[in-house]
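What follows is a single structure, and I will ask about it in a moment.
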Amino acid sequence: MARKKQYIEEEVVDKAMQLFWRNGYENTSMQMLEKAMGINKFSIYSSFESKHGLFLESLKQYKAKVSVTLEKLKNGTEGVEDIKQFFYDSVSSNFKSDHIKGCLVTNTYNEFYETEDELVKAQMTVFMANLKEIIIQKLALDSNKDEATVLKQANYLLLAKHGLAAASRVNTKEEIEDYIEMIFEKI
């Protein structure tokens with residue numbers, strides 16, 4: 001007879017996500033996961049099959065949390081101002097806590113860019129393509145911009161977002177705010 005889980009899966013995945021976010025995939029050990037999640041290795045393997053499976057679930061949960069911020073961006077009507085607010089919103093949690101810095105997607109993208117892990121790469125590709133499409137839609141609200149300008153600015157902003165995520169790991173709130181303001185002087 002199978003034993004009933006003594007934990008809430010969403011809660012333990014959130015704890016794992018926080019750990020992966022802070023340390024990265026490679027620097028997070030199974031022992032660290034056991035301690036942070038409050039469950040043993042057997043339970044982790046039983047529920048997620050492997051550390052990699054748990055990591056994929058962590059990415060899904062992170063993206064679900066970020067979807068609120070993406071929906072706010074998508075539903076905005078102010079074009080470039082919506083994108084700028086998204087930049088601020090995406091780092092606002094860093095101003096409240098020193099425990100987690102940057103963006104888990106960007107951190108993962110940087111950690112896995114040279115690997116052959118197709119499952120992680122696929123998740124990153126879909127997330128980034130979705131973000132770029134939303135940025136294009138917002139930029140296209142300005143009828144003075146032709147299609148080529150919109151695409152160049154979207155590429156610029158996507159790269160700036162990566163830079164922002166990396167910078168938010170080490171820079172001060174004031175430096176981050178100055179960076180965001182300077183980005184949008186060019187748009």
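The values are calculated or read from the model by the stated rules, or taken from the named source; none is laboratory data. Since we're looking at a predicted model, the values are computed, not measured. All Cβ positions, glycine included, derive from the backbone under ideal geometry; neighbour counts span all protein chains shown. What goes into the accessible areas is simple: the full protein's heavy atoms, side chains included, and nothing from ligands, DNA or RNA. Shrake-Rupley method; radii C 1.70, N 1.55, O 1.52, S 1.80 Å.
Search the stretch 69-83 for residues being part of a helix (DSSP H, G or I) and closer than 15 Å to ILE187 by Cβ, and hand back the single one that is most open to solvent (accessible area, probe 1.4 Å).
Ranking the qualifying residues of the stretch 69-83, first place goes to GLU81.
When the residues of the stretch 4-44 are narrowed to those that are without any contact (Cβ under 8 Å) to a residue 12 or more places away in the chain and under 22 Å from THR115 (Cβ atoms), which ends up most open to solvent (accessible area, probe 1.4 Å)?
Across the stretch 4-44, the extreme among qualifying residues is ASN27.
Name the single residue that is most open to solvent (accessible area, probe 1.4 Å) among those in the stretch 45-68 being charged (D, E, K, R) and farther than 23 Å from ALA129 by Cβ.
Here the answer is GLU49.
If we keep just the residues of the stretch 146-187 that are in a loop (DSSP other than H, G, I, E, B) and closer than 14 Å to SER90 by Cα, which is most open to solvent (accessible area, probe 1.4 Å)? Don't jump to the end; show me each part of the working.
Taking the stretch 146-187 as the starting set, the residues that turn out to be in a loop (DSSP other than H, G, I, E, B) are 146, 168-172, 186-187.
Now drop any that are not closer than 14 Å to SER90 by Cα, which leaves 168-169.
Working: SER168: 4, ARG169: 99 Å².
Only one residue tops the list, namely ARG169.
Let me ask another. Please work out which one of (1) touching a His at 6+ places or on another chain (Cβ under 9 Å); (2) open to solvent by 60 Å² or more (accessible area, probe 1.4 Å); (3) not hydrophobic (A, V, I, L, M, F, W, C) is the condition THR106 fails and give its number.
(2)
Conditions tested, residue by residue: (1) within 22 Å of ALA165 (Cβ to Cβ); (2) at pLDDT 90 or above.
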site	(1), (2)
TYR7	no, no
GLU11	no, yes
MET30	no, yes
GLY53	no, yes
GLU57	yes, yes
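Let me ask something else about it. Find the residue count for the stretch 117-143, including only residues that are among the hydrophobic types (A, V, I, L, M, F, W, C), within 20 Å of ALA160 (Cβ to Cβ) and assigned to a helix (DSSP H, G or I).
Qualifying residue count for the region: 9.
Quick one: which residue in LYS121, LYS186 is at pLDDT below 90, under 16 Å from ILE83 (Cα atoms) and of a type in the set (D, E, K, R)?
Working: LYS121 fails: under 16 Å from ILE83 (Cα atoms).
Answer to the check: LYS186.
Something else: Return the residue satisfying two criteria in turn: it lies in the stretch 124-145 and is open to solvent by less than 50 Å² (accessible area, probe 1.4 Å) and not basic (Lys, Arg), and of such residues it is modelled with the lowest pLDDT. Before you say what the answer is, go through the steps one by one.
Of the stretch 124-145, the ones open to solvent by less than 50 Å² (accessible area, probe 1.4 Å) are 124, 127-128, 131, 134-136, 138-139, 145.
From what's left, not basic (Lys, Arg): 124, 127-128, 131, 134-136, 139.
Working: MET124: 83, PHE127: 87, MET128: 87, LEU131: 93, ILE134: 97, ILE135: 97, ILE136: 97, LEU139: 97.
Among those that are open to solvent by less than 50 Å² (accessible area, probe 1.4 Å) and not basic (Lys, Arg), it is MET124.
Could you check, for the stretch 98-116, whether at least one of its residues is acidic (Asp, Glu), without any contact (Cβ under 8 Å) to a residue 60 or more places away in the chain and in a helix (DSSP H, G or I)?
No, every residue in the stretch 98-116 fails to be acidic (Asp, Glu), without any contact (Cβ under 8 Å) to a residue 60 or more places away in the chain and in a helix (DSSP H, G or I).
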